[in-house]
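Structure first, commentary second.
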Amino acid sequence: MATNNKPPQTLSISGLRYQYPDSKWNLAVDDFSLSEGEITAIIGPNGSGKSTLLRLAAGVQPLSTGTIHIGQNDLKKMDRRSIARVLGYLPQSTPYEFDHRVINVVSMGRYAHLSLSGFLCEEDMNIVKQCLEQTDALSLMNRRLSHLSGGERQRVLLASVLAQEPAILLLDEPTSALDLHHQVNFFDILTRLVKGGLSVAVVMHDLNLASLYCERIVLMNHGRIVCDGTPDDVFQYDLLQDVYGGDIVLSKHPQVNRPVVFPRFEREN
Amino acid sequence: MKRPITPRTYLICILLYGAPFLAVLCITPFIGGETIHLSEIIHALKEGGWNASAEIFFFQRIPRVILAALVGGTLAVVGASFQVILHNPLAEPYTLGITGGASIGAAVAILFPWLMASWWVFNTVQIFALAGSFCVLWIIYFISRRPEGVTIFTLLLAGVTVSIMSAGAIMFLRYLASPYLLLQMDRWMMGGLDVIGYRELAALFPLLLPGLGILFSCMVELNHLTMGEELASGHGVDVAGVQKRVFIGGGLATAAVVSMSGPIGFVGLIVPHTVRQLSGYDHRIVLPASFFLGGAFLVACDTVARTIFSPTELPVGIITALVGGPLFIRILLNKN
């Protein structure tokens, strides 16, 4: 694992306030830090501020009030390249117009480590290959992006972010467009990665998947963190009911002791 | 394990585009309406005896070929870069309305001949065209500027709007013009590469060189931007900075070229796409290859334009569209 030799770096946020110029909606996170070597799920209804929080934390969107630290370093004072060397960010969507080969896309992840010319040396190439292996995408190396399925595409993009050799991964709905099998497959890969020492935060909509794969779940609503804890802490009837609206049923996964949730079903006749 | 691109394969690829470019540059000065004799040119060089062939060759053909190569190459490079940062395959150097501004400037200079403003290497029409271009660049930059960079969508719409407004303004200027001036204006709007001697050519460089330099310094980052601003930013690219550099570099280069040769369409649109079809989407290759292919293409078209109805000349824009269009469609069909 390429990240083993790095000192542990955590992401911590304090006193964060953010408001889009054209609305009253605002995001306020007073104190939040990412746990090391774990997958943290960030869940909440649409418009609860999950993606905005992630973009601010990744430094992709400029921060107005508050501080974000990566290890000892203030994110505001770091340039993009040095951020990219410790923090990987996978956005919700990427455009398709340019039909690159997989190997070229993953190589792009090395940008922050390269000289100006952007040519990869042997060592960079080994890292790229390793990242493709980690995401089960090595066989896709010479394919074109437009010839990949949704699941393959997400694995390739993850590999390109891993090629940055980050200590922290922030993923924005990486599995929302995938079928059940590929979602599980993607989270299996993430589970392997966190065992190697990575800290991962995933914005997601599938609560049951979050419960199964994540030790820690952060529930957001109206730009605030309303609950932050284990799946059992978050999967409370009143809490979920209140945040998501609509009636729900809580249950246990048949195999493992993790809570799951379903919408209440009543036939209308 | 194959690396995506090594300095060696890169160099070979550039040479494959560069060699035909140089070949076209060497051959085309010998082609034209007036027959020129190689023996006379050699004679002139050796013995210093000046003659008609040498005069045409050195002071008409060669500067013109150089101008066509620079204009074609620049338009293609700017087109390739704008297509990436604007996320629009239809983008070309003129998308941002620079030509509109330049045309207004040129039209004003032609309409009011008493506006003598030549300075240094620039003549009056050029100076007004440059001023028009910079006004447009400033306006659309001002409109689409945001704290986190420029908004691409606004930039695109502002550019198109400014183009349409310019068209209106030019129609008004045409309405004012006498038939004789009208003809002059029309000739400018059609674009042309007639240049005599090297002094005019020199007027290209003060803006063109920095412009192209800036664009070529963004090649690696352009690759990242093809995958979207957010992923690029996550990979460590200073997205706002790159957008700004491409905007300024492309603006300078286009203004330089348009003020000199008027609007010559199509090169900036089809050449980059052709290069991408031929050799992929790595912009470290696309940019220089576009320069070579665009240059060679415009030199070839201009050779046809000045030869086919000799002794009169066709505006080169007619040839680029009529020859380039079908060629481009052929390439698109090949892909499928």
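The values are calculated or read from the model by the stated rules, or taken from the named source; none is laboratory data. All of these numbers come straight from a predicted model, not from anything done at the bench. Positions of Cβ are backbone-derived with ideal geometry, glycine not excepted, and every protein chain shown enters the neighbour counts.
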Kindly provide the set of residues from the stretch A:1-13 that are modelled with pLDDT under 90 and not hydrophobic (A, V, I, L, M, F, W, C), ordered by number. A:T3, A:N4, A:N5, A:K6, A:P7, A:P8, A:Q9, A:T10
Checking A:D22 against (1) crowded, with 19+ Cβ neighbours inside 10 Å; (2) at pLDDT below 90, which single condition isn't satisfied? (1)
Can you pull out the helices (runs of 4 or more DSSP H) entirely within the stretch A:166-269 that have at least 3 residues that are touching a residue at least 40 places away in the same chain (Cβ under 8 Å)? A:180-195, A:207-213
Name every residue in the stretch B:153-179 that is under 22 Å from B:Q243 (Cα atoms) and surrounded by fewer than 17 Cβ atoms within 10 Å (Cβ to Cβ), in order of residue number. B:F153, B:T154, B:L157, B:V160, B:T161
Within the group B:I140, B:I85, B:I98, B:I104, which residue is crowded, with 24+ Cβ neighbours inside 10 Å, within 14 Å of another protein chain (Cβ to nearest Cβ) and among the aliphatic types (A, V, I, L, M)? B:I85
Could you tell me which of the residues B:L11, B:L22 is within 14 Å of chain A (Cβ to nearest Cβ), surrounded by fewer than 24 Cβ atoms within 10 Å (Cβ to Cβ) and in a helix (DSSP H, G or I)? B:L11
If you check B:G191 against the conditions, is it more than 14 Å from chain A (Cβ to nearest Cβ), farther than 30 Å from B:T6 by Cα and touching a residue at least 60 places away in the same chain (Cβ under 8 Å)? yes
Residues that are at pLDDT below 90 and closer than 18 Å to A:R216 by Cα: does the stretch A:75-82 have at least one? no
Every residue in the stretch B:154-196 that is farther than 25 Å from B:A300 by Cα and outside any helix (DSSP H, G or I), please. B:A177, B:S178
Kindly establish whether B:I5 is aliphatic (A, V, I, L, M) and within 14 Å of chain A (Cβ to nearest Cβ). yes
Looking only at the stretch B:35-54, count every residue that is surrounded by 14 or more Cβ atoms within 10 Å (Cβ to Cβ) and among the acidic types (D, E) and tell me the total. 1
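Report whether or not B:A131 is more than 30 Å from A:L56 (Cα to Cα), of a type in the set (G, A, S), in a helix (DSSP H, G or I) and under 20 Å from the mean Cα position of the chain (by Cα).
Details: more than 30 Å from A:L56 (Cα to Cα): yes; of a type in the set (G, A, S): yes; in a helix (DSSP H, G or I): yes; under 20 Å from the mean Cα position of the chain (by Cα): yes.
Answer is yes for this residue.
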